[in-house]
Amino acid sequence: MNIYRRKDGRYEGRITVDRASGGKGYLSFYGKTAQETEEKMSNYISRLKEALPSSSLTVEKLFCQWISAISIRLKESSLAVYRMRIESHILPRLGRLGTDELTAPLMQKFISDKLAEGLTANYVSDIISTLRSMLRFGARQYGIRDTLEDIILPRKRRPQVRLLSSTQQLQLGTRLMQDKSLTALGISLTLSTGLRLGELCALRWEDIDLEEKTLSVNRIIQRIRNSKGSGTHLTITAPKSASSQRVIPLPDWAVQQLSSREKEGRCYLLTGTDKPIEPRTMQYRFQSVLKKEKLPSVHFHALRHMFATRCVELGLDIKSLSEILGHSRVEITLNSYVHSSMERKKAFMQSLSLTLQNPAGAVCVS
């Protein structure tokens, strides 16, 4: 409960509520004293509980109300992720239970079972986080108790992204420069700009400014799960966040290659037509290139990580790199996209060893 004293001397308390049209709002209560205001708020919450006991609200019913409320303000792709977590894992096991039946022992057993099924600790934590959001909605809307406050989640592990070594990156880069295909152009652009796969596939010629030598990220293409029934479909939307919509400088080689291929503005860059290439098709083609060069199989997203790491090694400041990658915070760039290599560690240790032998710069001779 949030209670404070107003300028007119009265006390005001606020309860967060969900608006019918989506988003959040506040319900205010007033009193001459903080205690009086708190009592009014407590009585209101108690009446809510009496009007709709948590035992009469099943997890499935709450899910339907929650997904309806958030669907107005969420992107289709985000909504699909939440639906999949709840419909695939929560509802089959817990959907018919009342929200007050979600006890700590029951949920700890649920977590253990999901881990035993082979789900990663990160994914299980994401499932529980989604359920928590749903229960918080129920707590604000109906005054039900959030039964997941004391749940112990499995420890998340930072996923290890497999990268190509410096030598392997050089081999790949040489191969791509010799290949004049659109596939090679797309891979090279990602390795040189850090584009996400969906951003690359959604690029149109109108996003390229050859005079300014820049590339604008204005949309992203994704394959997402259908909201009704099975199957998936492609969707092209605005980037995932405001920071993802950005302008990236282009290297000279890219400007030269793009100048010789320039087409009508509405055409997609990697097809030259009004139809984009699908992200998974681009991923398959990337794997084919790696196989022909006898390079290790890495995910297309690894190109983005390799770009970020190389930028840091060349001295680019983290703030600028974060903006090029489209991150909202520099912490994301540092914690997830900058990797150290054994070659770099060896070079540093050698430099450190020489410095310790002679801080002035010359090796001491005994």
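Residue check: is T271 under 30 Å from M84 (Cβ atoms) and assigned to a loop (DSSP other than H, G, I, E, B)?
yes
Of all residues in segment 321-362, which are assigned to a helix (DSSP H, G or I) and at pLDDT 80 or above?
Listed by number, the residues that qualify are L321, S322, E323, I324, L325, V330, E331, I332, T333.
Being within 30 Å of I15 (Cβ to Cβ) and not in a helix (DSSP H, G or I) is the filter here, so list the residues in segment 102-143 that pass it.
Scanning segment 102-143 gives L102, T103, G143.
Can you list residue pairs whose Cβ atoms sit under 7 Å apart, with the first residue in segment 205-231 being at positive phi and the second being outside any loop (DSSP other than H, G, I, E, B)? Count only pairs 6 or more apart in sequence or on different chains.
K213/P249; K213/V255
Please go through segment 274-284 and pick out each residue that is crowded, with 19+ Cβ neighbours inside 10 Å and in a helix (DSSP H, G or I).
Result: P279, M282.
Within segment 68-75, can one find any residue that is at pLDDT 85 or above and surrounded by 14 or more Cβ atoms within 10 Å (Cβ to Cβ)?
yes
Examine segment 113-124 for a residue that is at pLDDT 90 or above, within 20 Å of I90 (Cα to Cα), exposed (fewer than 12 other Cβ atoms within 10 Å of the Cβ) and of a type outside the set (G, A, S), and state whether such a residue exists.
Taking every residue of segment 113-124 in turn, at least one turns out to be at pLDDT 90 or above, within 20 Å of I90 (Cα to Cα), exposed (fewer than 12 other Cβ atoms within 10 Å of the Cβ) and of a type outside the set (G, A, S).
Counting only residues that are of a type in the set (A, V, I, L, M) and out of contact with any helix residue (DSSP H, G or I) (no Cβ under 8 Å at 6 or more places or on another chain), which one in segment 278-315 is farthest from E199 (Cα to Cα)?
Applying the filter and picking the extreme gives L314.
Just wondering, is there one or more residues in segment 173-180 that are surrounded by fewer than 15 Cβ atoms within 10 Å (Cβ to Cβ), of a type in the set (S, T, N, Q) and within 18 Å of L303 (Cα to Cα)?
yes
In contact with a Cys (Cβ under 9 Å, 6 or more places away or on another chain) and among the charged types (D, E, K, R) - does that describe any residue in segment 278-286?
yes
Quick test for you: out of V255, V298, V289, pick the one residue that is under 24 Å from P159 (Cβ atoms) and in a helix (DSSP H, G or I).
V289
If the requirement is being closer than 24 Å to L200 by Cβ and modelled with pLDDT of 85 or more, which of these qualifies: K291, K263?
Selected residue: K291, the only one of K291, K263 that is closer than 24 Å to L200 by Cβ and modelled with pLDDT of 85 or more.
Do you know which residues across segment 183-219 are closer than 13 Å to Y268 by Cβ and assigned to a strand (DSSP E or B)?
R204, I208
The values are calculated or read from the model by the stated rules, or taken from the named source; none is laboratory data. Given the structure is predicted, the values throughout are model-derived calculations rather than measurements. All Cβ positions, even for glycine, are placed from backbone atoms using ideal geometry, and neighbour counts span all protein chains on display.
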